[in-house]
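Comments concern the structure below.
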Amino acid sequence: MTFDCQACGACCYGPEAYVAVTTTDLCRMSPTVQGRYVRPTGDGRRYLKMVHGHCAALHARQGHFSCRMYAMRPQPCHEVEAGSRECLDARRRRGIDAE
Ligand code: SF4
Ligand code: SF4
């Protein structure tokens, strides 16, 4: 079974507090990327901004998906591997047939 992330993007869809951003993650991000894609909650926590149910950094066009901050993405984004349980759950939530 193969997974084409650029034809999927499912794991970049989620609720408001979906991807936590740590201070270590922030250190890898440029000020521009922080301003565009990171949402402080006011109580010291930060999350990736979500727009229309997906991460604001997700570029989705004509069935093609890419990350606008790929090299600077936070740790949770590194941890979801294609074919992993998180991946399969995300694909199921999006109604993508994994077979
Ligand atoms: S890791 Fe899985 S859910 Fe995420 S984009 Fe790739 S195939 Fe889709
Ligand atoms: S930072 Fe990139 S990989 Fe992570 S959720 Fe957003 S679009 Fe997806």
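Restricting the trypsin sites (Lys or Arg not before Pro) of the range 67-96 to loop positions (DSSP other than H, G, I, E, B) with no more than 15 neighbouring Cβ atoms within 10 Å leaves Arg68, Arg94. Binning the C-alpha pair distances of the chain at 5 Å intervals from 0 yields a P(r) profile of 2, 13, 24, 25, 19, 10, 5, 1, 0 %, listed from the shortest bin outward.
Each reported figure results from applying straightforward, stated rules to the coordinates on display, with no laboratory input. The model shown is predicted, which means the values in this text are computed figures rather than measured ones. We place every Cβ from the backbone using ideal geometry, glycine too, and count neighbours over all the protein chains shown.
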